[in-house]
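> Submitted below is the structure of interest, expressed as structure tokens.
The values are calculated or read from the model by the stated rules, or taken from the named source; none is laboratory data. Keep in mind that this is a model prediction, so the values were computed, not measured. Reconstructed Cβ throughout: ideal geometry from the backbone, glycine too, with neighbour counts over all protein chains shown. Keep in mind that these areas ignore ligands, DNA and RNA; they rest on the heavy atoms of the full protein, side chains included. Shrake-Rupley method; radii C 1.70, N 1.55, O 1.52, S 1.80 Å.
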Amino acid sequence: MFWHIFRLFLLKNYNAMNIKTATKKIEDAIVGRKVLELSCIADDNDKRDFTVIPLCIKEYEGKQYLIATSRLDRWFAFDIDRITAMGEYCTYSTDRELNVEDITDKVFLEGEYIDGYYFARDKDDEPDPEALRDELKKIEADIKGLVGPRGNEYYIGLPDDLDREKLENLLSSRRHCLGMLFRKDPEGVKHFRKINRYLKDLTDRMYKRAAKIYRQYLSAGMDDGFDDDFMIDADLRFYYGGEEPIAILGDEEYYGSDFEYMLDVICEFCDKSPTCGASFTKSLRKTDRVEMSDKELDLYNSDDEMDWGELKIWIPELEGIKICHAVNEICVYDNGYSVPDLLRMNSFWREVKGIYQNIRNQEGVRI
């Protein structure tokens, strides 16, 4: 099953919702094919967060329920009276037709009541690891046939006449297979938590370094003889280089992927992609002062104040983890990296630059 997710925007409202407002938002999301982020009150009065695709609103035992899915084999019924916050997250598309009436019956008649909501799943749609590994090997063989062997022992040079669209489609299929295999990996979530924390920390420290450089510029002042503008440019991404770019986790046989070759190919393929890690820019603002806080200077990691939840739509085992922005950029967009690829990335390139800009025409006049 393939999902094509396109980020639209994130809108959160943590005030209590009345049923009329919630119902209108749900109806708009259904028509607009939008993924929703929900916060619901559980039986123990604690909050539960979900990223779901809304399907319909149904009445059951005198209550109004949102029928939704987090993937096409996992279905929910949420009591709309318990929804305290709701935001549109992204748009979605799928090539599979859904029988909403059958799903509704399954949720209420066969589903399990858990902490204030109903949950059911299609047990016939469980991932088959052996079939997925066989499919993965075929896909990787096609990729190797398209790209060719290593140019040397250090890296793969992509051919000039490469069919990039075909490679992108093959990498998308590979990512799907590995994502489904990850769902059955008993150690996968533990490894994911570790790399997620690590990339969040790397991003935080990159912002700290950027703030220090920016304050140094503010302290020194503009050079009127050269500086038309000044900006900070920062980037964090996986780098296939160094002595051990790929970590060995002991699960290589389970996945059956040639990670060494594939991560080299993907790194080359998305070398110029602006969405392949954590990146940001900051232009000079004349009102900024050295004594202002990082937040006041807009040089703090605001991206990671939110939970980037697209991955949870097709890998629901990640529910409960606040996914950082860098992980989302690496694994969600059309870069080709899968979650198992992410887990063994062992070399990250961080770069923070101060850029002094001077723009003049032939007469020396600023443009």
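> Test each condition in (1) open to solvent by 30 Å² or more (accessible area, probe 1.4 Å); (2) part of a strand (DSSP E or B); (3) not charged (D, E, K, R) for residue 232 and report the one that comes out false.
Unmet for residue 232, out of (1) open to solvent by 30 Å² or more (accessible area, probe 1.4 Å); (2) part of a strand (DSSP E or B); (3) not charged (D, E, K, R): (1).
Residue by residue, here is whether (1) modelled with pLDDT of 95 or more; (2) closer than 30 Å to residue 38 by Cβ; (3) open to solvent by 70 Å² or more (accessible area, probe 1.4 Å) holds:
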position	(1), (2), (3)
115	no, yes, no
120	no, yes, no
127	no, yes, no
130	no, no, yes
136	yes, no, no
142	yes, no, yes
147	no, no, no
150	no, no, yes
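> Would you point out which residue out of 195, 248, 156 is of a type in the set (A, V, I, L, M), outside any helix (DSSP H, G or I), touching a residue at least 24 places away in the same chain (Cβ under 8 Å) and crowded, with 16+ Cβ neighbours inside 10 Å? Outline the logic, then answer.
On the way: 195 fails: outside any helix (DSSP H, G or I); 248 fails: crowded, with 16+ Cβ neighbours inside 10 Å.
Exactly one residue qualifies, and that residue is 156.
> In segment 203-229, how many are of a type in the set (Ser, Thr, Tyr), within 25 Å of residue 271 (Cβ to Cβ) and open to solvent by less than 10 Å² (accessible area, probe 1.4 Å)?
Selection size over segment 203-229: 1.
> Mind listing just one residue for me: the one in segment 1-34 that is among the β-branched types (Val, Ile, Thr) and within 15 Å of residue 83 (Cβ to Cβ) and, of those, modelled with the lowest pLDDT? Please lay out each step first, then the result.
Taking segment 1-34 and keeping what is among the β-branched types (Val, Ile, Thr), we get 5, 19, 21, 23, 26, 30-31.
From what is left, the residues that are within 15 Å of residue 83 (Cβ to Cβ) are 19, 21, 23, 26, 30.
Working: 19: 84, 21: 89, 23: 91, 26: 92, 30: 90.
The selected residue is 19.
Here is a yes/no grid of residues against (1) touching a Lys or Arg at 6+ places or on another chain (Cβ under 8 Å); (2) farther than 27 Å from residue 215 by Cα:
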{"residue": "309", "(1), (2)": "no, yes"}
{"residue": "313", "(1), (2)": "yes, yes"}
{"residue": "326", "(1), (2)": "yes, no"}
{"residue": "337", "(1), (2)": "yes, yes"}
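> Can you tell me which residue is nearest to the chain's Cα centre (by Cα) among those in segment 265-303 that are closer than 28 Å to residue 358 by Cα and of a type in the set (Phe, Trp, Tyr)?
Out of the qualifying residues, it is 280.
> I need the full set of residues from segment 49-60 which are at pLDDT below 90 and either within 13 Å of residue 107 (Cβ to Cβ) or open to solvent by less than 10 Å² (accessible area, probe 1.4 Å) (or both), in order please.
51, 52, 53
> Something else about it: Identify the residue in segment 94-113 that is of a type outside the set (A, V, I, L, M) and open to solvent by less than 70 Å² (accessible area, probe 1.4 Å) and, among all such residues, is modelled with the lowest pLDDT.
Once the filter is applied, the top-ranked residue is 94.
> What do you reckon, is residue 200 in contact with a helix residue (DSSP H, G or I) (Cβ under 9 Å, 6 or more places away or on another chain), touching a residue at least 12 places away in the same chain (Cβ under 8 Å) and open to solvent by 40 Å² or more (accessible area, probe 1.4 Å)?
yes
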